[in-house]
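Novice: Here you go, one structure.
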Amino acid sequence: MAMIPYREAFAPLSSERPPSALSDPFDEAIAVLPTLLGRLRSEEDARPVVGRVDPEALEVDLEPPEGPRPWTDVAEDLFRLLRDGPRTTTRAFFNQLFGGRMGSAVVADMLASFANQSMYTYKVAGPQVLVEEALLARMGELAGFTTSEGTFTPGGSLSNLVAIVLARNAAFPEAREEGLRGRTPVIYVSEESHYSIRKSAGILGLGRSSVRAVSVDARGRLEPGALAAAIRADQAAGLNPFLAVATAGTTVRGAFDPIDRMSEVCRAAGLWLHVDGALGGSLLLSRRGRELLRGIESADSLTWDAHKLLGVPLTASVLLVRHRGALEAALAEDASYLFHDVAPPRLDPGHRSLQCGRRNDALKLWAAWQRHGDTGLAARMDRCLGLAQAFAERVVARPELELIETPPSTNVCFDVPGVDLGALVSDLTEAGDAMVGTAELCGRPVVRWVAVNPDLELQDLDRFLDALLRHARRRGFASAQPRGLRGAGA
Ligand code: ABU
């Protein structure tokens, strides 16, 4: 290959400062922030819900430009882009398993970006490693894991994926080096579990068809008897069951599988028990909430998303493991350019991580926990549970609405008989009244309303229901008959 002489390929550098086209000074960039945030806050107050913005009508040219632009122009485009996007932090957002805004956590998250450390080694992350360690230790303690370790991941799906890897390695020790060599692994989850288990089984080469959907009772909780029977049948057929997943807070109705009873089944059959507490893990902070996770201390691993019920910005997902050393055995690699054992290996979290470069998701959670303490966070959890109950009572009080069931936790599912629910929730958003989602439960469409923002007030609940009924009336729902729900009970 012909080499281009160095002097022809590159102009010689001068010893002067970089030309302005290359410079991007922080002091200039940050100067716009107070005004920008102030304007965005005013927009939120004036218009808590933004209707769907037609992609053709976007006021910002998204094409990367050929040359540099003045920062103030770019900042104005940033304002327009955020102004025209969905508002997930206001008191009219009930659409997802996250919502609200925690000031302390947002500021800490901005500072994590400012410092831009990478969480693989103590050399590059310094005391941030200790911040992360302190959180993982406290969260493990709350789960009742006597010896535990953990890792932050980019989301609950990936925490679940790592848990499957650990369970697989425990059952098939040769798997990491040599693959599964003709073994036929089987995983058990409830019919109402999150899709990430099946998705992970596909990613990991276990096969999506290796995931069995176990039946649930009328309240959406996995039936331990059905789990035991399914395991027995698969073992008798020569397959290799290795993992059961209990969901602590199912995605649609917020149901909690019976961890204690599933744990007995798993111990007897030699299976790893993982708890997907992406939604419900945070309830471990509340005396009332932790009842829903009875038996958690006997599980092998737990997914816990702090960006859901704990309210810190996306994402802050944690996988906790009851067996110290399991993460390193599954994930560690040598890298002469990274790991120099300057610090004790314990202080290099890269040995226990799914990722190489990793952003600091711990600082925002640490700041929020410092700001609120155990008691403050517990009060926030209790408030969310209370808001869900209060909302359900209000649904019952409106004869035009049908509550599907007493809410197991933070999610309230209900129907507006006779109305196309998808069209109805679009009406709410387009009119600027609220954002809420729909889902399918036992074969029936429902509105799923979620209480994950403790800043909500009762009048926000009333305002939402008034608007919903106004739009439903416009759609003429009066003659409707209740739709039946297959299998669910109140
Ligand atoms: N893992 C989160 C599922 C998305 C949602 O229902 O909010």
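The values are calculated or read from the model by the stated rules, or taken from the named source; none is laboratory data. These numbers come from a predicted model, not from an experiment. We place every Cβ from the backbone using ideal geometry, glycine too, and count neighbours over all the protein chains shown. Ligands, DNA and RNA are stripped out before the accessible areas are found, and what is left, the full protein with its side chains, is counted by its heavy atoms. Shrake-Rupley method; radii C 1.70, N 1.55, O 1.52, S 1.80 Å.
Novice: Calculate the radius of gyration of the Cα atoms of the chain to one decimal place, then report Dmax, the largest Cα-Cα distance, as a whole number, both in Å.
Specialist: Values for the chain (Cα only, Rg and Dmax): 25.2, 82 Å.
Novice: Put a dot 7 Å past each Cα toward the Cβ at E141 and E393; how far apart are the dots in nm?
Specialist: In this crude spin-label approximation the distance works out to 3.6 nm.
Novice: Above 15 Å lies some portion of the pair distances; for the range 99-165, what is it as a whole percent of all C-alpha pairs?
Specialist: Value for the range 99-165: 68 percent of Cα pairs lie more than 15 Å apart.
Novice: Next up: Rg and Dmax of the range 227-304, Cα atoms, in Å?
Specialist: 13.1, 43
Novice: At 7 Å along the Cα-to-beta-carbon direction for both A332 and R470, put a label point, then send me their distance in nm to one decimal.
Specialist: According to this spin-label approximation, the distance is 6.2 nm.
Novice: Once amide H atoms are built 1.01 Å from N in the peptide plane, which residues 5 or more positions from T438, or in another chain, come under 5 Å H to H?
Specialist: Those qualifying (amide H under 5 Å, at least 5 residues apart or on another chain) are R448.
Novice: Express the relative contact order of the chain as a whole percentage, based on alpha carbon pairs under 8 Å and six or more residues apart in sequence.
Specialist: 20
Novice: Would you tally the net charge around S286, using a Cβ to Cβ cut-off of less than 10 Å, leaving S286 out, and scoring K and R as +1, D and E as -1?
Specialist: +2
Novice: At a threshold of 8 angstrom on Cα-Cα distance, excluding pairs fewer than six apart, so keeping six or more, what relative contact order does the range 90-155 reach in percent?
Specialist: 14
Novice: Looking at the range 210-261, I'd like the Rg to Rh ratio, where Rg is from alpha-carbon atoms and Rh is Kirkwood's inverse mean 1/r.
Specialist: 1.00
Novice: Still on this structure: Can you give the accessible area of D300, probe radius 1.4 Å, in Å² rounded to 10?
Specialist: About 10 Å², rounded to the nearest 10.
Novice: Also, I was wondering about something else. Can you list residues whose amide H is under 5 Å from Y188's amide H, if they're 5+ apart or on another chain and H is modeled 1.01 Å from N?
Specialist: Sorted by chain and number, the residues that satisfy this are R212, L243, A244, V245.
Novice: Under 30 Å Cα to Cα from K199, which lysines show up? Leave out anything in the same chain fewer than 8 places away.
Specialist: K308, K364
Novice: For the range 158-228, which trypsin sites (Lys or Arg not before Pro) pass both filters: DSSP loop (anything but H, G, I, E, B) and at most 16 other C-beta atoms within 10 Å?
Specialist: Passing sites in the range 158-228 are R181, R183, R219.
Novice: Please identify which residues in the range 321-357 have an amide N closer than 16 Å to a label point set 7 Å out from the Cα of E177, following the Cα→Cβ vector.
Specialist: It comes to 329-334, nothing else.
Novice: May I ask for the longest run of the chain untouched by GluC sites (Glu not before Pro) that are loop-located per DSSP and have at most 16 neighbouring C-beta atoms (other than their own) within 10 Å?
Specialist: 192-332
Novice: Once the convex hull of the alpha carbons of the range 115-206 is built, what does its volume come to per residue, in cubic angstrom?
Specialist: Enclosed volume per residue, from the Cα hull, is 152 Å³.
Novice: Separate question: Spelling out what I want: for every residue of the range 172-180, take phi, set θ = phi - 60°, compute 6.51 cos²θ - 1.76 cosθ + 1.60 (Karplus), and round to whole Hz; glycine and proline get x.
Specialist: Those phi angles translate into 10, x, 7, 4, 5, 8, 10, x, 8 Hz.
Novice: For every other residue with a beta carbon closer than 12 angstrom to the beta carbon of L161, add +1 if it is Lys or Arg and -1 if Asp or Glu, then tell me the sum. Please list the in-between numbers first.
Specialist: Details: positive: R168, R198, K199; negative: D276.
Summing Lys/Arg as +1 and Asp/Glu as -1 gives +2.
Novice: Among V186, L158, T146, whose Cα projects farthest towards the positive end of the dipole of the range 141-188, with charges put on the beta-carbon of Lys, Arg (+1) and Asp, Glu (-1)?
Specialist: V186
Novice: Measuring from centroid to centroid over Cα atoms, what is the spacing of the range 110-183 and the range 306-356 in Å?
Specialist: For the range 110-183 versus the range 306-356, the Cα centre distance is 4 Å.
Novice: Report, in debye and to the nearest 20, how large the dipole of the chain comes out about its Cα centre when Lys and Arg carry +1 and Asp and Glu carry -1 on their Cβ.
Specialist: Here the size comes out at about 1380 debye.
Novice: At 0.890 mPa s and 25 °C, plugging the Kirkwood radius over alpha-carbon pairs of the range 270-312 into Stokes-Einstein gives what diffusion coefficient in µm²/s?
Specialist: 229
Novice: If exposed chymotrypsin sites (Phe, Trp or Tyr not before Pro) are those in a DSSP loop with at most 15 other Cβ within 10 Å, what is the longest stretch of the chain that has none? Don't jump to the answer; show the numbers that get you there.
Specialist: Values: sites that count: F10, Y195, Y337.
The answer is 11-194.
Novice: What number, in percent, do you get for the relative contact order of the range 159-295 if the mean sequence gap of Cα pairs under 8 Å and at least 6 apart is divided by its residue count?
Specialist: 23
Novice: Work out the charge dipole of the chain with +1 on the Cβ of Lys and Arg and -1 on the Cβ of Asp and Glu about the Cα centre, then indicate which of C356, T72, V396 is farthest towards its positive end.
Specialist: Checking the options against the dipole of the chain, the answer is V396.
Novice: Follow-up. Could you work out the mean projected area of the convex hull around the alpha carbons of the range 36-193, in square nanometres to one decimal?
Specialist: With every direction weighted equally, the projected area is 16.5 nm².
Novice: Quote the Stokes-Einstein diffusion coefficient, in whole µm² s⁻¹, for the range 148-304, based on the Kirkwood radius over alpha carbon pairs, a temperature of 37 °C and a viscosity of 0.692 mPa s.
Specialist: 213
Novice: I've got another one for you. Quick one: net charge around W369, please, counting Lys, Arg +1 and Asp, Glu -1 for every other residue with C-beta under 12 Å from its C-beta.
Specialist: Numbers: positive: R138, K364, R371, R380; negative: D374.
Residues close to W369 contribute a combined charge of +3.
Novice: Report the far tail of the P(r) of the range 288-416, meaning the percent of Cα-Cα pairs longer than 21 Å.
Specialist: That fraction is 60 percent.
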